[in-house]
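Worksheet: one structure, shown below.
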Amino acid sequence: MSYYHSRTTSLSFDEAVVRTREALKAEHFGVITEIDVAETFKQKLDVDFRPYLILGACNPRAAYQALQTEDKVGVMLPCNVIIQASPSGSGCEIAAVDPVASMSAIDNPALKAKAEEIGAGLRRAIDAVAV
């Protein structure tokens, strides 16, 4: 079982970030955290790294329902989505965690059904950017 879903695109990194945010919003996800990996590595390690952004995507209604089902599931939230520039510099990759793979550690059928629903939304968002 893969732990993520990804697609590549010829979009520039900045355009991929904008379109990923729009696609997530269209699927009812908000971005509640953002980590600029390249900037963090530069500040903390003084090393250069390709453009790489981690977005913490959250569907508030689904998160509420999941927390009602399993109160410790918050340790696995939000759903991370990455945008990274290709090492060659042409285009980039957009990837999202597979919530079903993440939640497989929790033996709760109701939570698995919610994870499948959220995973489908994340896949649609990623696929929409890569068109």
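Since every read-out is calculated from the coordinates, none of them should be taken as a lab result. Keep in mind the model is a prediction, meaning the values are calculated, not measured. Backbone-built Cβ (ideal geometry, glycine too); neighbour counts: all protein chains shown.
If you take the Cα centroid of the stretch 1-35 and the Cα centroid of the stretch 65-131, the two points sit 11 Å apart. Restricting the stretch 13-91 to trypsin sites (Lys or Arg not before Pro) that sit in a DSSP loop and have at most 15 other Cβ atoms within 10 Å of their own Cβ leaves 72.
Counting only Cβ charges, +1 for Lys and Arg and -1 for Asp and Glu, the dipole size of the chain around its Cα centre is about 180 debye.
Using a cut-off of under 19 Å, list every residue of the stretch 25-54 whose amide N is near the label point 7 Å from the Cα of residue 8 along the Cα-to-beta-carbon line. Residues 50-53 qualify, since their backbone N sits under 19 Å from the label point.
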